[in-house]
Each structure stands twice: as structure tokens, then as C-alpha cells.
Amino acid sequence: MTETPTDEKYFGEHPHRIVDSKAEGHMRIASVNVNGIRAAHRKGMGEWLADREIDILALQEVRANEEILTRLVAEMTEPTGHQWHVHEHEAADKGRAGVAIISRTAPVATRTGIGGGHSEDDGRWIEADYTLGDGTTLTVISVYVHSGEVGTTKQEHKMRFLADMAEYLPRLAARTDHILVMGDLNVGHRELDIKNWNGNVKNSGFLPEERAYFDRYFGELGYVDIARTLAGEVEGPYTWWSYRGKAFDNDTGWRIDYHMATPQLAGLASNLKVDRALDYSLRWSDHAPLVVDYRLP
């Protein structure tokens, strides 16, 4: 009888490790909804982060305060010998939402919040400014848009937040050199972005009125959808799969995590990767990290 290999034997000693050497002169920037930093840490996120050569990482759904996040980041990155700088915007409701930006270089400034300061928006927007080698400024944003629910106040909050983004993004572009908005935006923009799009046109996440905002972001407002630009006209690449059923095994996913960049920065992007787990049992979040290299000084 042939022995069925265990996950450890089959996937090797380091099943979460992804090695992809970064080209000289590039900055590697990534984003991921961790679905709770404590759980992600426990399930293997640290092994992924230790070898990924990431310079700036945007996190969503942290669900922990800055003290806990800082401690866990230190534990996860200890093997690299690098000290990471941690900045978080915690949600008002403990154990919910929460966004953060961690980086190897300290930002020169950070800001939190967007729009009118609604309490339900706490823990959903944080931005950090980094001075580049040529003296220009890169502004990085980690954002977690409301998931929404049709016919409820959750959807009202989501639509207002998307409108706030549409109003704020042009103002932001007017006062900094490069902008990269990253995070779980909880909307699939086009039919290519959701495996079963035709069954979701009446559900939050693929409503026509939600998608219309993305037409504006990537149209008149001038931002570039980095993953779609680099991947081309293909299905996905998906970044979220439900834990229910066989969604992950069948690659029935949604592309709801984004890098949105100003045009000049978009022209410097390359080497798009979605770090999808090798197997369902090896997932440390229901989202996969979205990783892009930018040729920056």
C-alpha cells in the first residue's frame, strides 16, 4: 500500500515560503487582508514575510491594537534581522477592521481617516509618506472598504465611503508626487474579476452602483489598476476565496484587493504576484497577498 504523504512531507519543511528575488533598484510593495493578525501569525504568515523581500506592506482587518501588532511583526521578522516600523489605525469596535502600514524605512508622516470622520470608518484608512532617493514623496495608503449588505445600513456606509474616496483622491494627487492606494476594496470592478459574476450582480461587491465608482477611479480620476494592467485581460488574478465549500480548490475567487497608482508610478510597476497558498490547509488568511515591484530611487 502506498503511503499518503502528509502536508509536511508533501510541501516540504517551509510550506509558506515564497522566494522571488527582487531586482536591484526596485521597491517591493505588498498588500493583504490578514483576517486577524493573531490568527495569521499563528498559521504561518511570518514564514511568508521573512523571505519575501518586502519593503512596505499594507495590512487590513488587523483586529488588534498597535502594541500587539508591533510585537507580532517583530516576532515574524526576527529571522531577517530587520527592524520594521509599524503604524496602525485601530477600529472603534475592538476585534473588527483595523488597517496598518509596516515598512523597513520609517515614514516621514502618517495620517488616518477619510471623509467626515464617521465612527464606522475607524480602522479603514491610513496613509504614510516616504521620501524617495530623488527627493520626491511616495504616499502609501492601506484601505479596508466596508463589506456592505444590500438593503442595510452597512451598504449605506459602504456607498458613502466609496463616494468619499472619489472626492478625496484628486485632492491627494494634487499634494504629493506618487500615490499608491492598496487594500481590500470589497468590490470586483469587472466581469473578469469574479468567477461567478452573473450570480452576483445583485449582491454587495458587484453591484452596478459600486462598480461605477471604480469606473471613475480608473477613468476620470486618472488612477491605474496595477494588477489588471500587468495581468492583462484574463480571469482574475483572484485574491479572495471563501472558506466555505470548494471555492479555493476550484479557484472560484474574487479580485477585490487592489494596487491603485498614479500614472507615473504605474509606469514603474512590474513583477505582479498573487501569493496564493499551495493548498487549502496552508492558508493563513482567506485573502492572498498582492505583491508588486516598483522601480523607485
Seminar exercise, completed: For the range 161-297, the Cα gyration tensor yields equivalent-ellipsoid semi-axes (√(5λ), largest first, whole Å) of 26, 19, 12
For this session: Calculate the spin-label point distance for A23 paired with S242, positioning each point 7 Å from the Cα along the beta-carbon direction, and give it in nanometres.
Result: 4.0
For this session: Provide V19, V32, V292 in ascending order of the number of other Cβ atoms located within 10 Å of each residue's Cβ, fewest first.
Result: V19, V292, V32
Problem set entry | Cβ-based net charge around D249, under 14 Å, with every Lys or Arg adding one and every Asp or Glu removing one | +2
Exercise. How do T252, T153 line up, fewest other C-beta atoms within 10 Å first?
Worked result: T153, T252
Problem set entry | Cross-link reach list, lysines versus K22, counting only Cα pairs under 17 Å and skipping chain neighbours closer than eight places | K273
Seminar exercise, completed: If the chain between N203 and R160 were fully extended at 0.36 nm per residue, the gain over the current Cα-Cα distance would be 13.8 nm
Problem set entry | Around G148: net Lys/Arg minus Asp/Glu count, Cβ-Cβ under 14 Å | -1
Problem set entry | Protection-proxy order for peptides 113-123, 84-94, 176-186, each taking the mean of Cβ atoms within 10 Å per residue, highest first | 176-186, 84-94, 113-123
Exercise. Got a sec to turn the phi values of the range 214-219 into Karplus ³J(HN,Hα) couplings, 6.51 cos²θ - 1.76 cosθ + 1.60 with θ = phi - 60°, whole Hz, x for Gly and Pro?
Worked result: 6, 4, 6, 3, 9, x
Exercise. Sorting S147, S103, S31, S270 on the 10 Å Cβ count, fewest up front, what's the list?
Worked result: S270, S147, S103, S31
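Every number here is computed from the coordinates shown, using simple stated rules; none is lab data. These figures come from a predicted structure and were not determined experimentally. Here the Cβ is made from the backbone with ideal geometry for all residues, glycine too, and neighbour counts use every protein chain on show.
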